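J.: This structure is in structure tokens; I'll ask about it shortly.
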Amino acid sequence: MEILRIILTVIFAIDCVALTVVVLMQEGKQQGLGSIAGAADTYWGKNKGRSMEGGLVKATTVMGILFFVLAAVLNLNF
């Protein structure tokens with residue numbers, strides 16, 4: 001069981017670093033006056049899920065869920 005705990009701790013540490021990097025790579029959500037003027041309805045605004053920004057959002061979600069699951073599992077005393 002100790003080997004499993006070490007492996008999960010290493011995966012947890014890698015996930016923490018990767019989550020930090022992905023969050024820092026994302027653009028800010030405030031786009032200034034462009035969002036008021038309707039720039040959000042452009043092609044890139046509608047297809048944001050297929051862009052790099054959309055991929056970063058999905059990666060953040062997956063790594064965030066993994067972070068909480070690993071934190072809960074590592075907190076158990078097994």
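J.: What distance in nm lies between label points placed 7 Å from Cα along the C-beta direction at V17 and L4?
T.: Between V17 and L4, the simple spin-label model gives 2.6 nm.
J.: Taking the mean number of other Cβ atoms within 10 Å as a proxy for protection, how do you rank 4-16, 56-68 from highest to lowest?
T.: Per-residue mean Cβ counts within 10 Å order the peptides as 56-68, 4-16.
J.: Tell me, in nm to one decimal, what length is gained between E53 and L24 on full extension, where the rule is 0.36 nm per residue of separation less the Cα-Cα distance?
T.: Length gained, E53 through L24: 9.3 nm.
Here, each number is a calculation from the coordinates, and none is a lab measurement. Because the structure is predicted, anything quoted here is derived from the model rather than measured. Positions of Cβ are generated from backbone atoms using ideal geometry, with glycine treated the same way; all protein chains shown enter the neighbour counts.
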